[in-house]
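Structure in structure tokens, see below.
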Amino acid sequence: MLNNRTYIFIYVLLWFIKEEIIINYDVIIIGAGPGGYSAALKAGKNGLTTLLIEKRKIGGVCLNEGCIPTKTLLYSAKIFDNAKHGEKYGITVENIQLDHEKIVKRKDKTVKILAAGIKSALKNEGVHYLEAEAKLVKDDKGHIGVWANGEEFSAKNIIIASGSSAILPPIEGALKMYSAGFVLTNREILDLNELPKTLVVIGGGVVGLELASYFNSAGAQVFVIEMLPQIGGNLDHDLATILQQNLQRKGVNFILNARVVEIKDGAAVYEQNGEIAELACDKILMSVGRYANISGMGLMEAGFECTSQGIVVNEYGETNIAGVYAIGDVNGQLMLAHTAYREADVCLNRILGIEDKVDYSIIPSVIYTSPETAGVGETEESAKKKGLEYEAVTVSMRHSGRYLAENEGGDGICKIILAKPSKQILGVHMITNYAAEIIYGAGMLIQQKTKVEDIEKIVFPHPTVSEIIREALI
Ligand code: NAI
């Protein structure tokens, strides 16, 4: 006869064996965008058995229908614009043409190369990659598992990185005209083989401005309808004004303080100052923001806490269910690819037992128009709102020799926000070529609590556009 103690021992042993059997992976990640694939790479690198599940394309929105495709298009537009206006630099080009179809093909090639790169990096790190739609399931014991491809997988840690989608607002006719292919989002517009003659862009945020900039350079007549009095959302007000003026000079039309109220077949109807107007066009780009992809994954049924912004997480990316994390756009904190990368690091560090947190105050934002804008930290507007004592130092980019050499007639600026009286750097904002490449350094200055007196210890290569920071502060 077995005594009670032996029964308990056998029961516990069986329970452990069962646990071993059902735990397939150390980490399962849902969604292979920048958040998901970088988490998978880090997990693999650290010897964790990892499964990455993606229902559409590896690389997510950023690689396939966002950051990378737009940058490819915008680079072609920049070459075209420079050649068109080459006389300023002593260059005359005749018969200059832009071949949109060829540009789209090059975009596809770039995406393909990068997708193959991610796939091979995942393979090198031993990450299992599964193309399937994943759902979260909760068993009677409250364990969360992942259902995909007709199989249930389980893991010690699950990371939800399911991203976001373009908002189709409840504007009359919007859904119908989207189905008809007249209204497009970032997904469809990047694959257009034919240029629209007239394009209406609804929303003058980042997506709207970058695509307005490309389609205008490519030859379309572009109208941006924005409901706020300025473009670029939280962009520093002076930068937004300069950017708008630059784009206007290139031919982009802005209709501000205007709200689109109806979309008809062949026109956008908007209200401005109490008046209703109609704008005929060939296509409409809907770029009024994005929503977190939280539906269709069984989140509510499994008991996850969500708001209209996304899955609720703490500072480590942990959801309300132990062992399950949410990173990237789906947690709605700051919908940017580079935020997702950082959140992936913090989440993996949490799993690995390393203390780490995202500092959202030093996440840069960039608009890749021509000229491009980049900023990090406090703007004058945010400093005022927080009641901070600050001073703003603004200098013309024309103080930089390299800027002047490369920007005939350029009107860029660099604005630095300093705390008063300490003169600690709180924010850096610039509208200039290379702004996107420089801004990470400015983020480090803020992170390291750099003061004006420390700047002269930094050696900026000369001549560079980045020297403007030294120029502004010394
Ligand atoms: P957004 O939130 O940046 O801008 C949307 C704009 O649409 C706002 O200015 C809003 O006032 C306006 N709007 C809303 N409803 C409207 C209406 N009915 N009529 C007229 N205007 C209206 O959203 P966007 O541009 O779609 O970008 C989505 C996300 O993707 C953002 O979080 C953005 O930061 C990110 N993203 C970042 C990029 C980058 O870092 N370069 C590139 C592309 C996207």
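The values are calculated or read from the model by the stated rules, or taken from the named source; none is laboratory data. Owing to the predicted nature of the structure, the values given are computational and were not obtained by experimental measurement. As a convention, Cβ positions derive from the backbone with ideal geometry for all residues, glycine included, and neighbour counts pool all protein chains shown. We work out accessible area using only protein heavy atoms, side chains counted, and drop any ligands, DNA or RNA first. Shrake-Rupley method; radii C 1.70, N 1.55, O 1.52, S 1.80 Å.
Quickly run through the range 338-390 and pick out the residues that are farther than 25 Å from Val465 by Cα, within 13 Å of the ligand (Cβ to nearest atom) and open to solvent by less than 60 Å² (accessible area, probe 1.4 Å).
Thr339, Ala340
Right, another one. Are there any helices (runs of 4 or more DSSP H) wholly within the range 397-456 with 1 or more residues that are within 17 Å of Ala374 (Cα to Cα) and either of a type in the set (Val, Ile, Thr) or modelled with pLDDT under 95 (or both), and if so which?
Ranges flagged: 435-447.
Turning to a different aspect of this structure: Any residue that is outside any loop (DSSP other than H, G, I, E, B) and within 29 Å of Gly409 (Cβ to Cβ) - is there at least one of those in the range 106-115?
No, the range 106-115 contains no residue that is outside any loop (DSSP other than H, G, I, E, B) and within 29 Å of Gly409 (Cβ to Cβ).
Take the residues of the range 290-307 that are outside any loop (DSSP other than H, G, I, E, B) and among the hydroxyl-bearing types (Ser, Thr, Tyr): which is farthest from the chain's Cα centre (by Cα)? Write out each step before concluding.
Step one: list which residues in the range 290-307 are outside any loop (DSSP other than H, G, I, E, B), which gives 290-292, 306-307.
Then drop every residue that is not among the hydroxyl-bearing types (Ser, Thr, Tyr), which leaves 291, 307.
Working: Tyr291: 13, Thr307: 20 Å.
Taking the candidates together, the pick is Thr307.
Which residue, of Ile231, Ile255, Ile263, is aliphatic (A, V, I, L, M), within 26 Å of Asn331 (Cα to Cα) and within 12 Å of the ligand (Cβ to nearest atom)?
That would be Ile231, the only listed residue that is aliphatic (A, V, I, L, M), within 26 Å of Asn331 (Cα to Cα) and within 12 Å of the ligand (Cβ to nearest atom).
Give me the pairs, please: first residue somewhere in the range 226-250 and of a type in the set (A, V, I, L, M, F, W, C), second residue anywhere and part of a loop (DSSP other than H, G, I, E, B) and within 12 Å of the ligand (Cβ to nearest atom), beta-carbon distance under 6 Å, and either six or more positions apart or on two chains.
Ile231/Gly204; Ala240/Gln230; Ala240/Ile231; Ala240/Gly232
I'd like to know if the range 235-245 contains one or more residues that are open to solvent by 10 Å² or more (accessible area, probe 1.4 Å) and within 10 Å of the ligand (Cβ to nearest atom).
yes
Collect the residues in the range 319-337 that are touching a residue at least 40 places away in the same chain (Cβ under 8 Å), open to solvent by 20 Å² or more (accessible area, probe 1.4 Å) and away from the ligand (no atom under 16 Å from the Cβ), keeping them in residue-number order. First the steps, then the outcome.
Restricting attention to the range 319-337, the residues satisfying the condition of being touching a residue at least 40 places away in the same chain (Cβ under 8 Å) are 319, 321, 323-330, 332, 335, 337.
Of the ones still in play, those that are also open to solvent by 20 Å² or more (accessible area, probe 1.4 Å) are 321, 323, 329, 335, 337.
Those that are touching a residue at least 40 places away in the same chain (Cβ under 8 Å), open to solvent by 20 Å² or more (accessible area, probe 1.4 Å) and away from the ligand (no atom under 16 Å from the Cβ): Ile321, Gly323.
Tally up the residues in the range 159-217 that are within 9 Å of the ligand (Cβ to nearest atom), closer than 28 Å to Ile79 by Cβ and surrounded by fewer than 21 Cβ atoms within 10 Å (Cβ to Cβ), please.
Here the count works out to 1.
When the range 219-234 is examined, which residues are found to be of a type in the set (A, V, I, L, M) and assigned to a strand (DSSP E or B)?
Val222, Val224, Ile225
State all residues of the range 319-350 that are acidic (Asp, Glu) and closer than 19 Å to Gly233 by Cβ; if no residue qualifies, say none.
Correct list: Asp329 only.
Pull up the range 332-363, narrow it to residues that are in a loop (DSSP other than H, G, I, E, B) and acidic (Asp, Glu), then point me to the one that is nearest to the chain's Cα centre (by Cα).
Asp359
Go through the range 218-228 and give me each residue that's more than 10 Å from the ligand (Cβ to nearest atom) and either crowded, with 17+ Cβ neighbours inside 10 Å or of a type in the set (Ser, Thr, Tyr) (or both).
Scanning the range 218-228 gives Ala218, Ala220, Val222, Phe223.
Show the residue pairs meeting these rules: Cβ distance below 6 Å; 6+ apart or different chains; first residue within the range 87-111 and in contact (Cβ under 8 Å) with a residue 60 or more places away in the chain; second residue of a type in the set (Phe, Trp, Tyr) and outside any loop (DSSP other than H, G, I, E, B).
Qualifying pairs under 6 Å: Leu98/Phe80.
Here's something else I'd like to know. Taking the condition in contact with a Ser or Thr (Cβ under 8 Å, 6 or more places away or on another chain) and open to solvent by 60 Å² or more (accessible area, probe 1.4 Å), does Tyr403 pass?
no
Considering each of Asn95, Asn124, Asn64 in turn, give the residue that is within 16 Å of the ligand (Cβ to nearest atom) and polar (S, T, N, Q).
Asn64
Same structure again: Is it true that some residue in the range 300-318 is on the phi > 0 side of the Ramachandran plot, touching a residue at least 24 places away in the same chain (Cβ under 8 Å) and either open to solvent by 30 Å² or more (accessible area, probe 1.4 Å) or among the hydroxyl-bearing types (Ser, Thr, Tyr) (or both)?
Checking the range 300-318: at least one residue is on the phi > 0 side of the Ramachandran plot, touching a residue at least 24 places away in the same chain (Cβ under 8 Å) and either open to solvent by 30 Å² or more (accessible area, probe 1.4 Å) or among the hydroxyl-bearing types (Ser, Thr, Tyr) (or both).
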